[in-house]
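K.L.:
Below: one structure in structure tokens.
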Amino acid sequence: MKLTTDALIIRENNTVGESDRFVTALTRDLGVIRASVRGARQIKNRNGSATQLLCYSRLSLYKGREKYIVDDAEPLQVFFEVRGDLTKLALAQYFCELAGVLAPAEEEAEEELRLLLNALHYLSVGTRSLPLVKAVTELRLLCKAGYMPAVARCAQCDAEECTRFSPLRGEVTCEQHGSADTLLLTAGVLAALRHIVYAPFEKCFAFSLPETDTAILGEAAERFLLAQLNRGFHTLDFYHSL
Ligand SMILES: [Zn+2]
């Protein structure tokens with residue numbers, strides 16, 4: 001059965017086969033799939049450039065016995081600005097690794113795909129700070145995968161005015177109920193957390209924060225992610241090493 005779907009290439013591996021390229025793609029209709037691309041490593045093959053890392057492409061594929069086979073790939077968008085900047089590229093690769101872990105396999109992943117495309121767009125145009133794009137991408141991917149933090153009210157007394165966030169428990173607490181292992185929040189960071197978690201998808205990047213608040217938001221999002229997933233990411237380590 002042959003089908004066509006739009007996809008972002010989130011990983012490429014050139015070491016398999018003579019002329020084919022083996023890739024992992026985040027597709028609109030099939031979520032995360034692994035596929036080999038016919039002739040991608042041959043010079044002048046048009047499937048080659050459309051199946052490089054960070055390429056957003058329209059793939060024609062069919063299911064082989066063990067994996068998908070990309071018959072044809074047409075590039076829709078290539079994020080050149082991201083590829084040309086090491087810090088942006090590192091962050092983009094981290095988003096890709098995250099999506100590979102958090103997005104579903106063999107089922108539609110429209111929102112995950114749009115989230116990554118939006119994130120890459122903001123990395124490209126530079127109208128949002130990198131830590132802000134990172135925090136939104138992390139939290140929205142986590143929410144979609146079932147790790148939604150409870151940031152509406154204090155977990156102990158239902159107070160709306162909260163000053164602390166627990167990355168481990170994924171909840172906010174008021175001044176009275178905050179414990180030592182929690183992160184101190186400002187009112188701005190609390191509002192940003194609520195916006196990212198509860199806003200409709202189209203609006204999730206639509207807010208701004210002062211730099212000091214963005215740093216706290218970034219720490220909250222990253223610590224929450226690492227605590228919930230209980231693992232590290234090489235691409236994240238690399239981003240921090242820059
Ligand atoms: Zn409380």
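K.L.:
Out of the stretch 155-169, which residues are in contact (Cβ under 8 Å) with a residue 12 or more places away in the chain and either within 9 Å of the ligand (Cβ to nearest atom) or in a loop (DSSP other than H, G, I, E, B) (or both)?
P.N.:
Within the stretch 155-169, ALA155, GLN156, CYS157, ALA159, GLU161, CYS162, THR163, PRO167, LEU168, ARG169 qualify.
K.L.:
Identify, from the list ALA227, ALA215, ALA152, the residue that is surrounded by fewer than 18 Cβ atoms within 10 Å (Cβ to Cβ), within 13 Å of the ligand (Cβ to nearest atom) and of a type in the set (A, V, I, L, M, F, W, C).
P.N.:
Among ALA227, ALA215, ALA152, only ALA152 is surrounded by fewer than 18 Cβ atoms within 10 Å (Cβ to Cβ), within 13 Å of the ligand (Cβ to nearest atom) and of a type in the set (A, V, I, L, M, F, W, C).
K.L.:
Could you run through the stretch 155-203 and say how many residues are under 30 Å from TYR122 (Cβ atoms), among the hydrophobic types (A, V, I, L, M, F, W, C) and surrounded by fewer than 20 Cβ atoms within 10 Å (Cβ to Cβ)?
P.N.:
Of the residues in that region, 8 qualify.
K.L.:
If you don't mind, there's one more thing I want to ask. Could we say that VAL172 is closer than 19 Å to GLN228 by Cα, part of a helix (DSSP H, G or I), in contact with a Cys (Cβ under 8 Å, 6 or more places away or on another chain) and among the aliphatic types (A, V, I, L, M) here?
P.N.:
Criteria not met by VAL172.
K.L.:
Being touching a strand residue (DSSP E or B) at 6+ places or on another chain (Cβ under 9 Å) and at pLDDT below 80 is the filter here, so list the residues in the stretch 21-48 that pass it.
P.N.:
GLY39, ALA40, ARG41, ASN45, ARG46, ASN47, GLY48
K.L.:
Taking ALA25 as the residue in question, decide whether it is in a helix (DSSP H, G or I), within 28 Å of LEU226 (Cβ to Cβ) and either of a type in the set (D, E, K, R) or in contact (Cβ under 8 Å) with a residue 12 or more places away in the chain (or both).
P.N.:
No: the conditions fail for ALA25.
K.L.:
Here is a check on your reading of the model: is GLU107 assigned to a loop (DSSP other than H, G, I, E, B), charged (D, E, K, R) and either under 16 Å from VAL32 (Cα atoms) or touching a Lys or Arg at 6+ places or on another chain (Cβ under 8 Å) (or both)?
P.N.:
Yes: the conditions hold for GLU107.
K.L.:
So, one more: Within the set of pairs 6+ apart or on separate chains, which have a first residue in the stretch 105-124 that is within 16 Å of LYS203 (Cβ to Cβ) and in contact (Cβ under 8 Å) with a residue 40 or more places away in the chain, a second that is of a type in the set (D, E, K, R) and surrounded by 15 or more Cβ atoms within 10 Å (Cβ to Cβ), and C-beta atoms under 7 Å apart?
P.N.:
GLU111/LYS144; LEU115/ARG140; TYR122/ARG128
K.L.:
Follow-up. So LEU116 passes all but one of these: (1) touching a Ser or Thr at 6+ places or on another chain (Cβ under 7 Å); (2) more than 12 Å from THR235 (Cα to Cα); (3) of a type outside the set (Asp, Glu). Which condition number does it fail?
P.N.:
(1)
The values are calculated or read from the model by the stated rules, or taken from the named source; none is laboratory data. Small disclaimer: the values here were computed from a predicted structure and weren't measured. Using ideal geometry, Cβ is built from the backbone for each residue, glycine included, and neighbour counts are taken over all protein chains shown.
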